[in-house]
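Structure first, then comments.
The values are calculated or read from the model by the stated rules, or taken from the named source; none is laboratory data. On a predicted model such as this, the values are computed, not experimentally measured, just so you know. Ideal geometry is used to build each Cβ from the backbone, glycine not excepted, and the neighbour counts take in all protein chains shown. The accessibility values were calculated without ligands, DNA or RNA, using every heavy atom of the protein model including side chains. Shrake-Rupley method; radii C 1.70, N 1.55, O 1.52, S 1.80 Å.
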Amino acid sequence: AALNSGCPVSGKAASFNPFGGDYQVDPAASLRWSRDEEPVFFSPEIGYWVVTRYSDVKAVFRDNILFSPSIALEKITPVSEEATATLAKYDYAMSRTLVNEDEPAHMPRRRALMDPFTPAELVHHEPMVRRLVREYVDRFVNSGKVDLVDEMLWEVPLTVALHFLGVPEEDMDDLRKYSIAHTVNTWGRPAPEEQVAVAEAVGKFWQYAGTVLEKMRKDPSGHGWMPYGLRVQKEQPEVVTDSYLHSMMMAGIVAAHETTANASANAFRLLLENRSVWQEICEDPSLIPNAVEECLRHSGSVAAWRRLATADTRIGDIDIPKGSKLLIVTSSANRDDRHFESGDEFDIRRENSSDHLTFGYGSHQCMGKNLARMEMQIFLEEITTRLPHLELVPNQEFTYLPNTSFRGPDHVWVQWNPDANPELRDA
Ligand code: HEM
């Protein structure tokens, strides 16, 4: 079949569907055929060129002029008129933040807002993160069975994100609902009847973000990234605009929360499925930092990202016309045997684990990467110390919210014998 620019679409490319089937089970494994046979292909299902090899994905990230990030947060499934009307009712106007901002606006803004992410600043958050994790573990340590996602991995990164942004802790339950809707709204394929409900939640999230921002504006002297942004705005109003701050207030919560929650859930699943590796990190916690990196490589929480070709170009030996949309599949790149020896193997001693592309690469690379790493390390340090005898509840089925990009199991059920908890023995 000749589709788009007359390019022939192979059978496997034609049947590629990132909203279901093999991609949802394991995106990297589902695209092995592509890495080996057809590393750049057009998917009629989504209207995107799909890029799956490490070197190609990295090359696309490297050039943010030729490959613009402007579509990174665009809805991947066109919305119904009704849903559009619902969003309009809430004056929904999510626009450029950082992640989808082109040059020359992006770099000055990124630089102006970088300070709160420096290692020196992040150190201040460590005691807060550790205290939170300990409190959550206290609640279930004697229970013997728990869903780690519901009881800890979802809420702790949300609370950390709110602290980091400088938002008050109230409205947690609403936020949780809203941020799920945002993921479906942006990266999913909601059924027509779901779309209006999703739009309602997204609209409310947008308004809530605006209300919190206005509260902060009255007194922007506090800690956190948003008050910091409000202070920078006074000095550089053309760099840090109102529209940016409102969009970032909402996008920032999602960027910091779901990515980290999902990455942590993926890490626990992977480590506990490889029980001897879990045993190793329990015995030698100095292995944890690289184990985190290897988890981010092998089962990252961002499975794919997006770019727009701003000129005719080539990727590998495929011609890409100007205006083409690209789905760059980081999860596939991260398991490319051409860069990672036996890429499917999970090896916490791998020397180049941190070459993974889960945080992106180049001028837009994730600003929060070290905060996310810190959270994941603390989760693992606390649980390997207090519940080293933990194991996955056998035969559980892991489910994922169907979407192209954000990836983590909805639940991770674990069990242990509370009578064997080390803290009872040591008490
Ligand atoms: C950008 C992933 C956690 C804030 C990004 C990008 C990815 C990503 C893929 C786009 C990179 C690119 O285009 O090259 C992740 C993952 C996380 C995580 C996997 C957790 C495991 C966080 C946290 C924060 C954060 C905790 C904030 C506290 C940002 C910001 C950007 C960004 C502000 C935009 C940077 C720019 O465009 O200049 N992240 N992220 N992220 N992330 Fe994260």
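A few comments on the model shown:
- Per-residue surface analysis assigns residue 219 an accessible area of about 100 Å², computed on protein heavy atoms at 1.4 Å probe radius.
- For the chain, the Cα gyration tensor yields ellipsoid semi-axes of 33, 29, 21 Å (square root of five times each eigenvalue, largest first, whole Å).
- Take residue 273: with every protein chain present and a 1.4 Å probe, its accessible area is about 90 Å².
- Counting 0.36 nm for each residue step from residue 424 to residue 45 and taking away their Cα separation leaves a gain of 130.9 nm.
- Hz values of 3J(HN,Hα) by residue in region 253-261 - Karplus curve (6.51, -1.76, 1.60), Gly and Pro given as x: 5, 5, 4, 8, 8, 5, 4, 6, 4
- Considering only 223, 246, 257, the Gaussian network model of the chain with Cα springs below 10 Å gives its largest mean-square fluctuation to 223.
- Packing around the peptides 81-91, 298-308, taken as the average count of other Cβ atoms within 10 Å per residue, puts them in this order, highest first: 298-308, 81-91.
- Computed over region 217-279, Cα set: Rg, Dmax in Å: 18.4, 54
- Hz values of 3J(HN,Hα) by residue in region 399-407 - Karplus curve (6.51, -1.76, 1.60), Gly and Pro given as x: 10, 10, 5, x, 6, 6, 10, 8, 9
- Cα centroid separation - region 349-380 against region 386-427, whole Å: 22 Å
- Cross-link partners for residue 204 among the lysines, with Cα-Cα distance under 24 Å and sequence neighbours closer than 8 places in the same chain left out: 75, 89, 177, 215, 218.
- Ranked from largest to smallest solvent-accessible area, with a 1.4 Å probe on the protein heavy atoms, 123, 9, 141 come out as 123, 9, 141.
- Rounded to whole numbers, the Karplus 3J(HN,Hα) couplings from phi for region 310-321 are 9, 8, 4, 7, 10, 10, x, 10, 10, 6, 10, x Hz, using 6.51 cos²θ - 1.76 cosθ + 1.60 with θ = phi - 60°, and x at Gly and Pro.
- With all protein chains in place and a 1.4 Å probe, the accessible surface of the chain carries 51 percent carbon and sulfur.
- Neighbour net charge for residue 240 - beta-carbon separation under 14 angstrom, K R +1, D E -1: +2
- The chain, relative contact order in percent, only Cα pairs under 8 angstrom and at least six apart counted: 25 percent
- In the context of the full set of protein chains, the chain has a per residue accessible area of 42 Å² (1.4 Å probe).
- With N counted as the residues of region 312-427, its alpha-carbon radius of gyration over 2.2 N^0.38 Å works out to 1.48.
- For region 6-52 versus region 216-239, the spacing of their alpha-carbon centroids is 43 Å.
- Relative pair counts by distance (%), Cα atoms of region 253-312, 5 Å bins: 4, 16, 22, 20, 13, 9, 7, 4, 3, 2, 1
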